[in-house]
1. Suppose every Lys and Arg Cβ carries +1 and every Asp and Glu Cβ carries -1, with no other charges. What dipole size does region 43-153 come out with about its Cα centre, to the nearest 20 debye?
2. Test of understanding: ordering TYR114, TYR72 by Cβ neighbours within 10 Å, fewest first, what list do you get?
3. By the scheme Lys and Arg +1, Asp and Glu -1, what is the net charge of all other residues having a beta-carbon under 13 Å from that of ASP142?
4. Can you find, among SER67, PRO107, GLY135, the residue farthest towards the positive end of the dipole of region 43-153? Put +1 on the C-beta of Lys and Arg, -1 on that of Asp and Glu.
Amino acid sequence: MSMTLLAPCEWPPAQALEREVTSERIRDKIAASKRKGLWVGGNLPLGYEMKDGKIAIVEEEAELVRSIYRRYLELSSVNELLRDLKERDIRTKTRQLSTGATRGGIPFGRGALYYVLNNHFYIGEVKYRDEILPGEQAPIMDRAGSLNLARDRRILVQ
């Protein structure tokens, strides 16, 4: 009796088809959920937490987000804002993992800061691919202020 060995990434045809069908269903489910404005997992942005299965605002963190936007408008520079946040010892959101370890709580880097400044979630929207859709979460920032920020500094324009 001989046995044929398959290459590590090569699946028998029936399994490959099933894998592809399952992947497509998952992609479609995520797309449908996003189009409904639902959060489909991952870490929530600074200013939000899950409470009883719903997205809730963490007011202390929300005020920090608003403060970051205000300081950016005052300073007109991400590099200056980074320096300012470092001087004031303002750090990223701390997250507790199921293992008990923590992540975050580190000084903001450029990427994390751009993520905050460009995040549509803060104005009650969800981004899915190239679509901007209404989200289920309450906004932290008002749309008018964010649009002024976008017009003045080319942030939140995507």
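No value in this document is a laboratory result; all are computed from the given coordinates. Because the structure is predicted, anything quoted here is derived from the model rather than measured. Methodologically, a virtual Cβ is constructed for each residue, glycine included, from the backbone with ideal geometry; neighbour enumeration extends over all protein chains shown.
1. 340
2. The fewest-first ordering by Cβ neighbours comes to TYR114, TYR72.
3. Values: positive: ARG66, ARG70, ARG143; negative: GLU125.
Once all neighbours under 13 Å are counted, the net charge is +2.
4. It is PRO107.
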